[in-house]
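For reference, the structure is listed below as structure tokens.
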Amino acid sequence: MSGGTLYLIDGNSILYRSFYAIQRLATSQGFPTNAIYGFIATLRKLLDEAKPELLGIVFDAPGAKMREEIFEGYKAQRKPMPEDLVKQIPKLKEVLRAFRIPLYENARYEADDVLGSLAARASALKIKTVLVSTDKDLFQLVDAHTSVYNPSKDIRLDEAMVEEFFGVKPAQVVDVLTLWGDPSDNIPGIPGVGEKTAKSLIGEFGSLDALLRDTSRIKNPRVREAIEQNLDKLEMSRKLATIERALDVDFDLAAFAMEEPDREALARLFQELEFTSLLAEYRAAPPKTEAIYAAILRKDELAALAARIAEVGFVSLDTETDNISPTRARLVGLSFALEPDRAFYLPLRHSYMGAPAQIPVEEALAVLRPVLEDPAVRKIGQNIKYDALVLDREGVALRGIDQDTMILSYLLEPNWGQHNLDKLALAYLHRESIAFRDIVGKGKNAITMDKAPVEAVTPYACQDADYTLALSRILWPRIEAEGLAGLYNDLERPLIEILAEMERVGVRIDDAALRALSAEMERDLERLEKEIHDLAGVVFNINSPKQLGEVLLHKLQLPLSKKTRGTKSVSTAVDVLEEMAELHPVIPKILEFRQWSKLKST
């Protein structure tokens, strides 16, 4: 996609797709943000990959439109826009204005008509235009200069691709939609004429006008009669399906020119919307400071550090090991941070040729044990459960566990996916992290941490402790401000030690009790199976979706669920059965059977 191409985004198409594609996402105050987040994700992908120099976004304006004057029932069956989506539109437009992208809408016409008119103006000037939309109606706008890009399928359709993808040429799309109608827009079309028949007729006759000039040539008498008896509907449907291309739109190429976004405004908006990962990119980075990281190789240095930890009453710590599993890992080294941009690494088991002399493990831990086991000295870590388990294998009981930055971040951003240190440092500190693979390598050539040079591990390990301390000072005030301190202190923090203990000693299972419970469930399942067969009046495999669907549809003749209509098979998914639960007493029994069956297998 060339940079000089004009990109026009169908705002409502991307907005709806984003709203339904992303599970509910909201700020800590309950403001919905899923549509905004999804829209921005699609926009950023376009900006990164296409790098457009010319860009505009078109939205539907509120209020009645011209097509409703042609046909009162136009879009009448559509449910109103969900309230959670309505709320997000003004804020999304604020964000887009901060990106400095021009927005277009028309009080009398729909977004499609504005897109069509803008594209027609561009095509007349021989300007390449890409319409970014998931709407098939826009295929009619494709010409030598105009194409459609569907971001959900990641395909761009020019004239040849429209014919291959949709089955007819762009100039024939309106004729197909006229015959076929459009249930989503409530365009009537011809009763009994579906997509396949409409495309076949237009393919055969070349156009709707050619077909209407000689309807006697229509081979199927039912279809011929339906068309001849609904000519009034046909003309109305054509008007409704045709996108306007001659609106008096303000077409100024200079207005589409991409500008640098208003980074300050975007940072403020992303802060308000709690888009932490996006905020990091647009918020001004803090001034760079030179971190001081040092390795501790002498016992007097370690003693001084231990005394300093006891004096300040807290420490951010991290362990380096030779295994990802804490119950199998051997301690290789420890890092500590007490103040910003200063940290220390204590190497203990680096065993490569030429490794510096290190304090013996037993002696080092004897110096550190008093502060590590002192509950009055607060311990800060990233996934500190791992560190506690590793130290426990060395005979050190880590006490005074205070803040775990991984858990704090999760409480603030539960929909964020992973909360690893690299991601948190980039999001909250705007700092890149030294990659683990840069220290140990990757693939077949990877080594364990004990074989890595101390001079390479020192900045990596120190950075972990340093970043964790910095993160705790950012995340904890937010935890308090959002009323989550009680949740962390009363539930999450105590669970760290409980889960660590469970990993260390395992969980005892009462095998006899589980066998007895399994036998009891088996008896319940046999009873339910008999009741289901009696209610259905036939013996069948309840666990077979195909057999169950046939019993519900053909044997019991239950009406199809809305989610099943129009499909070739009968869905027996839980949500479908729950929707049909009141239609027959067998369905609640089937749902109960499934619950017990799943519990027993678990």
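Derivation of every value follows stated rules applied to the coordinates shown; laboratory data play no part. A quick note: this is a predicted structure, and the numbers were derived from the prediction, not measured. Neighbour counts are summed over all protein chains in view; Cβ atoms, including those assigned to glycine, are modelled from backbone coordinates with ideal geometry.
For the reader, a short list of remarks on this structure follows.
- In plain terms, the bigger the Kirkwood radius, the slower the diffusion; for the stretch 4-69, with that radius from Cα pairs, at 4 °C and 1.567 mPa s, Stokes-Einstein puts D at 95 µm²/s.
- Over the chain, relative contact order from alpha-carbon pairs under 8 Å, at least 6 apart, %: 10
- Cα point-scatterer Debye curve for the stretch 511-601, base-10 log of I(q)/I(0) at q = 0.11 Å⁻¹: -0.33
- Size descriptor for the stretch 421-503, Kirkwood hydrodynamic radius: 15.3 Å (Cα pairs only, one decimal).
- Over 19 Å between alpha carbons, listed pairs LYS169/LYS199; LYS169/LYS196; LYS546/LYS600; LYS196/LYS219; LYS199/LYS219: LYS546/LYS600
- Part-to-part distance (alpha-carbon centres) for the stretch 480-516 and the stretch 453-477, which is given in Å: 27
- Candidate aspartates and glutamates - alpha carbon under 14 Å from LYS299, same-chain residues fewer than 8 apart omitted: GLU362, GLU363
- Counting only residues at least eight positions apart within a chain, or on another chain, the lysines with an alpha carbon under 28 Å from that of LYS442 are LYS385, LYS423, LYS451.
- Convex hull volume of the chain per residue (C-alpha atoms, cubic angstrom): 230
- For the stretch 336-487, the convex hull drawn through the C-alpha positions has a volume of 133 cubic angstrom per residue.
- Sparse-neighbourhood loop sites, GluC sites (Glu not before Pro) in the stretch 216-305 - DSSP loop, at most 15 other Cβ within 10 angstrom: GLU259, GLU290
- Binning the C-alpha pair distances of the stretch 47-200 at 10 Å intervals from 0 yields a P(r) profile of 9, 32, 38, 18, 2 %, listed from the shortest bin outward.
- Eligible lysines near LYS79 by straight Cα distance, threshold 18 Å, same-chain separation 8 or greater: LYS65, LYS87, LYS562, LYS563
- Three-way shape label, the stretch 475-540, alpha-carbon gyration tensor, a/c 1.5: oblate
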